[in-house]
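Can you keep this structure in mind? I'll have questions shortly.
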Amino acid sequence: MKVMAQMAMVMNLDKCIGCHTCSVTCKQAWTNRSGTEYIWFNNVETRPGLGYPRTYEDQEKWKGGWEVNKRGRLKLKGGGRLKNLATIFSNPKLPSIGEYYEPWTYDYSTLTDAPAQEHTPVARPKSLISGKNMKIEWSANWDDDLGGSTETAHRDPMLAKIAEKVKFEFEQTFMFYLPRICEHCLNPSCAASCPSGAIYKREEDGIVLVDQDKCRGWRKCVSGCPYKKIYFNHRTGKAEKCTFCFPRIEVGLPTVCAETCVGRLRYIGLMLYDADKVLEAASTEDDHGLYEAQRDVFLDPFDPDVMREAEKAGIARDWIDAAQRSPIYALINTYKVALPLHPEYRTMPMVWYIPPLSPVVDVVQETGEDAEDKGNLFAAIDALRIPVEYLAELFTAGEVEPVDAVLKKLAAMRCYMRDINMGRDPDASIPAAVGMTEEEMYDMYRLLAIAKYEDRYVIPPTHAEQAHSLEELSTECSVSEYGGGQQDLFGEGSGVPTPIAVENFQMLQDRQTSDSLAGPENKEGRVNLLNWDGKGSPPGMFPPKGSDS
Amino acid sequence: MNDFLFVVFPYICLTTFVVGHLWRYRYDKFGWTTRSSQLYENRLLRIGSPLFHFGMLGVVGGHVFGLLIPQSWTDAVGISEHAYHVAAVGGGLLAGIATVVGLAILVYRRRTVGPVFSATTVMDKVMYAFLIVAIVLGMWNTVAGSILTLGGEYNYREGVSVWFRSFLAFQPDASLMADAPLGFQLHALVAFGLFALWPFTRLVHVFSAPLGYLTRPYIVYRKRDDTQLGSHRPRRGWDRVG
């Protein structure tokens, strides 16, 4: 047994209202630079829908993740090591920028500099890649709220797997939101695809990171990741990915996306797992067995043997405590309501989801029946095959039973809690119908419905004796020690690295002032107000003082 | 003059090449990348880039063989001058044509595809100029010198190659180079110019050829480096603060 700790996340999809706050705050924190315009470490997709980038889930096309070959051995779906190197000069499976979208800005100066005229001046969209006028045809959430889905949603690879034809007519449709970040997999295929070995998994907390100094821009990780959560920064020529906000996690703070989530639907905590069993679990022959196989890799943090082995492996006592209090462990293993996203990719993802009951509840409600009645809900879960099968395609490789079981637990919780809220006697038969005790059901309700900040985020900080040199605290040196700006001689951002926090500040300022369309020329007179935080006035925003007559 | 062109200048370039790489690796690991433009354009790159790169691998292999292995060695294992010549010219032509065609496609792409062109730095343009001239001269030497024998027979293995080895052994003999045809002289000079530019261009990615990928384990685990958590090392206790 080789015990390792993994920082993990669970999202409760019933609570997601699709407001995109997580995406926006994440973008402001991490990808607010040129070259990263199209990069969304966190994005929110409307399902059914094409996702971002378009149809990324179609692995027959993109060849991401792992597969089991005829001899039962796990291999990269994109091909082995030799094939990987042989295609290094031109990656045949790299999505083009069109599969994401061509980032753009508007030519605001035609508005601000417009003379008095009869017609309202128009700011035309300009491509941030070529600098030319462009027609906006797609973006990160173009099909938000099923917008235009009568045209596009039939290309959703997960819908294609369901035999019955789904109709996108208003009365018959269903939808929910799927926020996605990097899965920080136990068996990351991006890391396995990286020729330089620049992508690594941190031993302490399992966060998967790209070493920006070792990345050589071979682009293999982009095609290797089945979730397409590694992006290529087209300015610096380096891969970038969700960092699980490691500077915040190190000091015990939740990620930016979790912290700012208005629905409070994200949970963060530790999972202990047996690293020796990962490969075997990922090699499980039957796709349907992968969900259970991954659960078997997790270790019970209350088991004395596990605790002893964990301490031997150098996991500190307070981390083991945190693993015991982990909301993730409770949702995945105790209540079994969280499911992995696409276990069939065999990367052992570590951001799990509680599937939404709302498509079912909505339908029952529309019929005028009582949507919190156990009988009605259970019957509806059995009857509404399409939403349930669709969820199964996302979370259990198409196996309906586990999704069914989770939805029934959520339905039972609604019914059981309604009796309590209405002041009636709780009905013990409701939890019993889904194999839970009344106490378990109430605890699950607390965790899912009213958990406080410290119950949702159980994040043991890195040890205090090292804290002075952590990124976020960074008491080591004052900002002024870092030279101003970048040296652009060898391309954007080359030169000595600056700490993340300072870099953001620096880059924010650069961007406010130098947001020319494609190249760094013509810095004067263009201000990106989107990035202006309201403090101070970036140069170029107002005409120079004294120049007015 | 010959001493300067074929002794001093090459050594200056070689020194720049070596020291430049050390400096760049030390101070600009972040800028050390292929700076791929595949995201912008794929249709032309898909043909041009593998043609150029694989052709280039052949060209480099041919140069290693032709420059570093003395004629006496191939004679000793019984390869006749004629057999060597046929193999070298045949292989060289094949690799050379792939390189030239690939390069032509890539240069055309870089100039005509808007996003690719606007992502091209000044350094890229200078490097391209040297690279194109070096490759064209090399092709000229192969076609005009070895096949059409325009300027008479020239066995570079008794001239240029010997000079190159003497140069590497720090006992340079400029006269060997001075007797070589003009095409060979220019090719060598431009190539050394390219070597001098090398560490300051995106060509540094050649030295990142990821051969280690074939042997390393798939998943890389790394401990957080506690001595360098941020981008700077922690100060030692006795360093002055502020």
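Kindly provide the set of residues from segment B:199-214 that are facing chain A (nearest Cβ under 9 Å), in contact (Cβ under 8 Å) with a residue 12 or more places away in the chain, in contact with a helix residue (DSSP H, G or I) (Cβ under 7 Å, 6 or more places away or on another chain) and not hydrophobic (A, V, I, L, M, F, W, C), ordered by number.
Passing the criteria: B:201, B:202.
What is the one condition in (1) of a type outside the set (D, E, K, R); (2) under 30 Å from residue A:88 (Cα atoms); (3) under 17 Å from the mean Cα position of the chain (by Cα) that residue A:246 does not satisfy?
Residue A:246 satisfies every listed condition except (2).
Sticking with this one: If I go through segment A:207-232 residue by residue, how many of them are part of a loop (DSSP other than H, G, I, E, B) and either among the acidic types (Asp, Glu) or more than 9 Å from chain B (Cβ to nearest Cβ) (or both)?
Summing the residues that are part of a loop (DSSP other than H, G, I, E, B) and either among the acidic types (Asp, Glu) or more than 9 Å from chain B (Cβ to nearest Cβ) (or both) in segment A:207-232 gives 8.
Residues are listed down the side, and each one gets a yes or a no for (1) away from chain B (no Cβ under 11 Å); (2) among the aromatic types (Phe, Trp, Tyr):
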residue: A:186; (1), (2): no, no
residue: A:193; (1), (2): no, no
residue: A:200; (1), (2): no, yes
residue: A:204; (1), (2): no, no
residue: A:234; (1), (2): no, no
residue: A:240; (1), (2): yes, no
residue: A:256; (1), (2): yes, no
residue: A:263; (1), (2): yes, no
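Within segment A:205-221, can you find the residues that are charged (D, E, K, R) and buried (at least 23 other Cβ atoms within 10 Å of the Cβ)?
The answer is A:216, A:219, A:220.
Related question: Between residues in segment A:142-159 that are of a type in the set (Val, Ile, Thr) and residues that are surrounded by 14 or more Cβ atoms within 10 Å (Cβ to Cβ) and at pLDDT below 80, which pairs lie under 7 Å by C-beta distance while being six or more apart or on different chains?
Going by the 7 Å Cβ cut-off, the qualifying pairs are A:150/A:168.
Same structure again: Check off (1) at pLDDT 95 or above; (2) aliphatic (A, V, I, L, M); (3) surrounded by fewer than 18 Cβ atoms within 10 Å (Cβ to Cβ) for residue A:328 and give me the number that stays unchecked.
Exception for residue A:328: condition (3).
Can you go through A:328, A:315 and tell me which one is within 30 Å of residue A:389 (Cβ to Cβ), outside any strand (DSSP E or B) and in contact with a strand residue (DSSP E or B) (Cβ under 6 Å, 6 or more places away or on another chain)?
Being within 30 Å of residue A:389 (Cβ to Cβ), outside any strand (DSSP E or B) and in contact with a strand residue (DSSP E or B) (Cβ under 6 Å, 6 or more places away or on another chain) holds for just one of A:328, A:315, which is A:328.
Helices (runs of 4 or more DSSP H) wholly in segment B:20-134 with at least 2 residues that are touching a residue at least 40 places away in the same chain (Cβ under 8 Å) and in contact with a helix residue (DSSP H, G or I) (Cβ under 7 Å, 6 or more places away or on another chain) - which ones?
B:43-68, B:81-112
What's the total number of residues in segment A:233-276 that are of a type in the set (A, V, I, L, M, F, W, C) and touching a Cys at 6+ places or on another chain (Cβ under 9 Å)?
Matching residues across segment A:233-276 total 11.
Now a separate question. How many of the residues in segment B:15-49 are among the β-branched types (Val, Ile, Thr), farther than 23 Å from residue A:99 by Cα and either surrounded by fewer than 16 Cβ atoms within 10 Å (Cβ to Cβ) or at the interface with chain A (Cβ under 10 Å from one of its Cβ atoms) (or both)?
4
Moving to a separate point now. Give A:375, A:423 a once-over and let me know the one that is surrounded by fewer than 18 Cβ atoms within 10 Å (Cβ to Cβ), on the phi > 0 side of the Ramachandran plot and out of contact with any His (no Cβ under 8 Å at 6 or more places or on another chain).
Only one candidate passes the filter, namely A:423.
Please indicate, with yes or no, whether at least one residue in segment A:348-370 is charged (D, E, K, R), surrounded by 20 or more Cβ atoms within 10 Å (Cβ to Cβ) and in a loop (DSSP other than H, G, I, E, B).
Checked segment A:348-370: no residue is charged (D, E, K, R), surrounded by 20 or more Cβ atoms within 10 Å (Cβ to Cβ) and in a loop (DSSP other than H, G, I, E, B).
If you go through segment A:14-34 one residue at a time, do you hit one that is among the small types (Gly, Ala, Ser), assigned to a loop (DSSP other than H, G, I, E, B), over 15 Å from the mean Cα position of the chain (by Cα) and farther than 16 Å from residue A:245 by Cβ?
yes
Cβ-Cβ distance below 7 Å, separation of 6 or more or different chains: which pairs start in segment B:147-172 with a residue that is free of Cβ contacts under 8 Å to residues at least 60 places away in the same chain and end on one that is among the acidic types (Asp, Glu)?
That search, which allows pairs on different chains as well, returns B:159/B:179; B:166/B:173.
Residue-wise test of (1) among the aliphatic types (A, V, I, L, M); (2) within 14 Å of chain A (Cβ to nearest Cβ); (3) over 20 Å from the mean Cα position of the chain (by Cα).
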| site | (1), (2), (3) |
| --- | --- |
| B:51 | yes, yes, no |
| B:54 | no, yes, no |
| B:62 | no, no, no |
| B:65 | no, no, no |
| B:68 | yes, no, no |
| B:77 | yes, no, yes |
| B:83 | yes, no, yes |
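Does at least one position in segment B:222-235 carry a residue that is at pLDDT 90 or above and out of contact with any helix residue (DSSP H, G or I) (no Cβ under 7 Å at 6 or more places or on another chain)?
Yes: one or more hits.
Among the residues of segment A:15-49, write down those that are of a type in the set (D, E, K, R), touching a residue at least 60 places away in the same chain (Cβ under 8 Å) and surrounded by 19 or more Cβ atoms within 10 Å (Cβ to Cβ).
A:33, A:37, A:45, A:47
Okay, residues lined up against (1) on the phi > 0 side of the Ramachandran plot; (2) at pLDDT 80 or above:
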position	(1), (2)
A:137	no, yes
A:142	no, yes
A:148	yes, yes
A:152	no, yes
A:161	no, no
A:164	no, no
A:172	no, no
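Looking at (1) away from chain B (no Cβ under 14 Å); (2) under 30 Å from residue A:280 (Cβ atoms); (3) outside any loop (DSSP other than H, G, I, E, B); (4) not hydrophobic (A, V, I, L, M, F, W, C), can you tell me which one residue A:105 breaks?
Only one criterion is unmet by residue A:105, namely (2).
I'd like the residue in segment B:125-139 that is surrounded by fewer than 17 Cβ atoms within 10 Å (Cβ to Cβ) and not basic (Lys, Arg) and, out of all such residues, is nearest to residue A:131 (Cα to Cα).
Checking each candidate, the answer is B:126.
Restricting attention to segment B:165-180, and to residues there that are of a type outside the set (D, E, K, R) and surrounded by fewer than 17 Cβ atoms within 10 Å (Cβ to Cβ), which single residue is nearest to residue B:17 (Cα to Cα)?
Only one residue tops the list, namely B:168.
The values are calculated or read from the model by the stated rules, or taken from the named source; none is laboratory data. None of the values given here were measured: they were computed from a predicted structure. Cβ: placed from backbone, ideal geometry, glycine included. Neighbour counts: every protein chain shown.
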